[in-house]
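Inspection log for the structure reproduced underneath, given as structure tokens.
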Amino acid sequence: DEGLMDLDAGTVLLQWATGGLFFLWITTRHRLLGIGYGWLLRGTYALMAVGAVWVGQRTDPYLPRDAAAVGVALAASFAFLVSYLRRKAGVARQRELVEARTARVAEMTGIDRTERLAEGDGPEFPPALDLIAPIIGFVGLVFAGAHVGDPALLSVARTITGALFLGAVTDAMLLGHWYLVQPGLPRDPIRELVKWTAAIWPVELLVLLWPVGMVSALNGTIDDGWDGLLSWFWLACTVTTIGLIGVTWAALKEKEYSAVMAATGLLYLAILTAFGMDLVARAILA
């Protein structure tokens, strides 16, 4: 059997960067998080896109994918630069939350501790800039999926869905850590990413099962090279991923602040199993 996809590190890194930057926009458009969160993710994923170019050129050069990775790195870097130049303007809703919390504390305790974030005269960072990089990335992933897959439509579906799946779970974990940096941040942003991960999981499962897919590996039609062990490992990762996401959601319902840290730890594990679900399947089918 010829596989449906070639699993190469250049495409995987572009998937990861593209999905991560897309869900960065999902979060930053609410204007709740401090500007440092955007800096962290833009810098991380820009470097990942550079890595996609470097690895892709040395393992399996493909111009549309590699050019898109360059575009992702440049667009993420440009967004980083604009955010840095406009850093003094701060983030409006973050400032409103801090001031409201300070007012409540003063009302309850009678202690007026003025806690204000600096306000600049210039415009704030426009979240729409965070969409440029993932749009470029998704275009490159369409080409990459069609280039190696047969049928091309299924290959593209797996490539795009995998990017969204890995990006959502990674950003959720990174956002969980940001609650240490920005105490008092509402849980809505991390809940949103957990919801997205849960919503993408069945789509990811469907495209991986779609013939010729993991059903053929589980019943032995496709040899996974490990006498079926790798296929059952994939199944375990698949079930464990959605289980961890469910437990994470339950943890976020708890009122204690430590619940967010518990959810972050669970998301660490979910990243490992999510990668197992996506990459192991594609490696078997390659």
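The values are calculated or read from the model by the stated rules, or taken from the named source; none is laboratory data. Owing to the predicted nature of the structure, the values given are computational and were not obtained by experimental measurement. Ideal geometry is used to build each Cβ from the backbone, glycine not excepted, and the neighbour counts take in all protein chains shown. For the accessible areas, the whole protein counts, side chains as well, though only heavy atoms, and no ligand, DNA or RNA atoms are used. Shrake-Rupley method; radii C 1.70, N 1.55, O 1.52, S 1.80 Å.
Values computed for the structure shown
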quantity: Residue identified as closer than 23 Å to Pro126 by Cβ, modelled with pLDDT of 95 or more, crowded, with 18+ Cβ neighbours inside 10 Å and of a type outside the set (D, E, K, R) among Val72, Val53; calculated: Val72
quantity: Residue that is most open to solvent (accessible area, probe 1.4 Å) [pool: residues in the stretch 204-256 that are closer than 27 Å to Val156 by Cβ and among the acidic types (Asp, Glu)]; calculated: Asp223
quantity: Selected residue [farther than 30 Å from Leu7 by Cα, of a type outside the set (Gly, Ala, Ser), part of a helix (DSSP H, G or I) and at pLDDT 95 or above] from Leu175, Leu81; calculated: Leu81
quantity: Criterion (touching a Lys or Arg at 6+ places or on another chain (Cβ under 7 Å) and either among the β-branched types (Val, Ile, Thr) or in a helix (DSSP H, G or I) (or both)) met by exactly one of Val207, Val239; calculated: Val207
quantity: Complete set of residues in the stretch 270-286 that are under 18 Å from the mean Cα position of the chain (by Cα) and farther than 15 Å from Ala198 by Cα; calculated: Leu272, Gly276, Leu279
quantity: Pairs with Cβ under 6 Å, 6+ apart, first in the stretch 43-62 and within 17 Å of Leu7 (Cα to Cα) and of a type in the set (S, T, N, Q), second assigned to a helix (DSSP H, G or I) and open to solvent by less than 30 Å² (accessible area, probe 1.4 Å); calculated: none
quantity: In the stretch 243-267, residue farthest from the chain's Cα centre (by Cα) [restricted to those that are more than 25 Å from Ile160 (Cβ to Cβ), assigned to a helix (DSSP H, G or I) and among the hydroxyl-bearing types (Ser, Thr, Tyr)]; calculated: Ser258
quantity: Any hit, the stretch 22-30, residues being surrounded by fewer than 20 Cβ atoms within 10 Å (Cβ to Cβ) and not in a helix (DSSP H, G or I); calculated: yes
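For (1) in contact with a Pro (Cβ under 9 Å, 6 or more places away or on another chain); (2) modelled with pLDDT of 95 or more; (3) open to solvent by less than 60 Å² (accessible area, probe 1.4 Å), each residue gets a yes or a no:
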{"site": "Ile35", "(1), (2), (3)": "no, no, yes"}
{"site": "Arg58", "(1), (2), (3)": "no, no, no"}
{"site": "Ala68", "(1), (2), (3)": "no, yes, yes"}
{"site": "Arg95", "(1), (2), (3)": "no, no, yes"}
